[in-house]
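The values are calculated or read from the model by the stated rules, or taken from the named source; none is laboratory data. Just so it is clear, the model here is predicted, and its values are computed rather than measured. Counting neighbours? That spans all protein chains shown, and the Cβs are built from the backbone with ideal geometry, glycine included.
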């Protein structure tokens, strides 16, 4: 496994292609240029919130107020993950080395998520979004994403798939734990992982440091409750930022060109700058998939250009409110689970 990230589409930008013409408009608008001041402020703010949150945890000590700290740190952890996402796409630094160093610190050390494991998974997703055979985000591990997957499913996916629309958000409460377990499993089993030894050290420091601090400051019962609240809300928040992006959108078909594959399988979420901050720019999912290395604050400005171009060439462009995007995703999950309810 190599830690590479899909930055810009390769040969698909052939002269005269639809994507090449769109890319020219985006380039003329200057939207692929770095935003160092923005990222200095954003990363500095997230880092300050991270330090202040743990400082508050130490100062408050043995108190039920720690549950509020747990909720706050869940938000901070998700924001760290979103920063790691931008680092992986080289939206912050143009070169690989500083991106990897910062990503390893944010992912492995900061929140206990293997940066290399996540990069491999996310790269495959970007290359083939919503493709049943190639996108790991729609593999039928727990949930099923198509009627064909439902009919072929057995065991846990078959059991959960019947009512997965009702279980989707409750299951997201386990996503934080899943990230840690999947990271640990990958670091143990994938011997060819780039920077594996460094990742193991940083990941171990995070896990030991996190548990030592929590159990040193709180009695066992409160410590366990703090961890449960923190990790479950972290998973719920992080999972909710990714849920609107592709769930319930058409599955990719063979033969689609790059532009259509990225646009048709993705959905934007409408909203202002508060939505941008809450979702880390992932609410502009279509623009992000077309131009993965575009700095996230530029995605909002790319949106009208991309939407107008899609209208010109007859490619459907989907955007919805956050609530409606969840409704569409849940409706899709319920519909594809129908074969399981008919058994």
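I need the full set of residues from region 135-182 which are assigned to a loop (DSSP other than H, G, I, E, B), free of Cβ contacts under 8 Å to residues at least 24 places away in the same chain and over 13 Å from residue 337 (Cα atoms), in order please.
Hits for region 135-182 are 139, 141.
Looking at 40, 48, 68, 56, which one is on the phi < 0 side of the Ramachandran plot and touching a helix residue (DSSP H, G or I) at 6+ places or on another chain (Cβ under 8 Å)?
The unique qualifying residue is 56.
Here are some residues: 109, 171. Which one is in contact with a helix residue (DSSP H, G or I) (Cβ under 7 Å, 6 or more places away or on another chain) and more than 29 Å from residue 256 (Cβ to Cβ)?
109
Just the residues that are without any contact (Cβ under 8 Å) to a residue 40 or more places away in the chain and in contact with a helix residue (DSSP H, G or I) (Cβ under 9 Å, 6 or more places away or on another chain), please, taken from region 121-133.
121, 124, 125
Mind listing whichever residues of region 129-146 are loosely packed, with under 15 Cβ neighbours inside 10 Å and farther than 20 Å from residue 263 by Cα?
141
Under the condition of being part of a helix (DSSP H, G or I) and buried (at least 17 other Cβ atoms within 10 Å of the Cβ), which residue from region 183-194 is nearest to the chain's Cα centre (by Cα)?
That would be 183.
So which residues in region 15-31 are at pLDDT 95 or above, surrounded by fewer than 18 Cβ atoms within 10 Å (Cβ to Cβ) and either part of a loop (DSSP other than H, G, I, E, B) or under 22 Å from the mean Cα position of the chain (by Cα) (or both), if there are any at all?
Across region 15-31, the qualifying residues are 29, 30.
Which helices (runs of 4 or more DSSP H) sit wholly inside region 219-323 and have at least 3 residues that are at positive phi, in contact with a helix residue (DSSP H, G or I) (Cβ under 8 Å, 6 or more places away or on another chain) and surrounded by fewer than 21 Cβ atoms within 10 Å (Cβ to Cβ)?
Here the list is empty.
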